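Structure first, commentary second.
The values are calculated or read from the model by the stated rules, or taken from the named source; none is laboratory data. Being a predicted model, the structure only gives us computed values, none of them experimental. Note that each Cβ is placed from the backbone with ideal geometry, even for glycine, and that neighbours are counted across all protein chains shown.
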Amino acid sequence: VRELDAEMPPVLVESVAQRRIRQHSEERFQARVTSVLALLALLLSAVGLFGVLSFQVSHQLRDTGVRMALGAEPRQVLREVMGDGLTLALPGVGAGLLGALALARLLRGLLFGIEPWDPVSFGFAAALLVSLSLLVSLLPAIRATKVDPASCLRYE
C-alpha cells in the first residue's frame with residue numbers, strides 16, 4: 001500500500017479473532033464487573049447469615065443445654081440450627097427471585113445467549129444461595145451441639 005501511495009494512512013490489519021475480541025471488549029468488561037459485584041453480594045449475604053446465626057446460637061446456649069440434658073441428641077440440635085438458617089435464607093431467596101424476574105425485562109439488552117426468563121439461571125442462583133446458607137449454618141450448628149448440659153444446668 002505504501003508503494004502505491006505514500007500519503008495513505010496506515011491500515012489496521014488484524015485477524016477475525018482479534019477483531020472479535022476488540023469488538024466485545026466493553027461487554028466483557030461489563031460482565032466481569034457484574035460478576036465481581038455478584039460475588040461481593042454473595043459474600044456479604046453469607047457473612048450476614050453467619051453473624052445472625054452465631055448470635056442466635058450464642059443467646060440460646062442455655063436452652064440448648066437444657067434440651068440436651070433432657071435427652072435431645074446432637075443431630076436434633078444440628079438439624080434445628082440448620083433449619084433456622086434455611087428459615088432465614090428462604091424468604092430472601094424468594095424475594096430475590098421475584099425482584100430478578102421483575103428486573104429481567106430491563107436487562108434484556110445486556111444479556112447475550114440467554115433469555116431474560118431463563119429458568120436454568122434462576123434455578124442455579126436459588127440453589128447456590130440455599131447451598132451457601134446450609135454451608136454457613138453448619139459452623140454455628142456444630143458449635144451448638146458441643147454445649148455441655150451440666151454447665152448450663154448449674155446456672156439454672
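Observations, loosely collected:
- Any hit, the range 36-53, residues being surrounded by 10 or more Cβ atoms within 10 Å (Cβ to Cβ), touching an Asp or Glu at 6+ places or on another chain (Cβ under 9 Å), of a type in the set (A, V, I, L, M) and assigned to a loop (DSSP other than H, G, I, E, B): no
- Pair list, Cβ under 8 Å, 6 or more apart: the range 57-86 residue farther than 17 Å from Leu132 by Cα, other residue modelled with pLDDT of 90 or more and charged (D, E, K, R): Val57/Arg143
- When Leu37 is tested against (1) more than 19 Å from the chain's Cα centre (by Cα); (2) more than 27 Å from Arg143 (Cα to Cα), only condition (1) is not met.
- Flag if Ser35 is free of Cβ contacts under 8 Å to residues at least 24 places away in the same chain and hydroxyl-bearing (Ser, Thr, Tyr): yes
- Exactly one residue out of Arg20, Arg28, Arg67, Arg105 is over 30 Å from Trp117 (Cβ atoms) and either out of contact with any strand residue (DSSP E or B) (no Cβ under 6 Å at 6 or more places or on another chain) or of a type in the set (Asp, Glu) (or both): that is Arg67.
- Among the residues of the range 117-124, not a single one is touching a residue at least 40 places away in the same chain (Cβ under 8 Å) and within 13 Å of the chain's Cα centre (by Cα).
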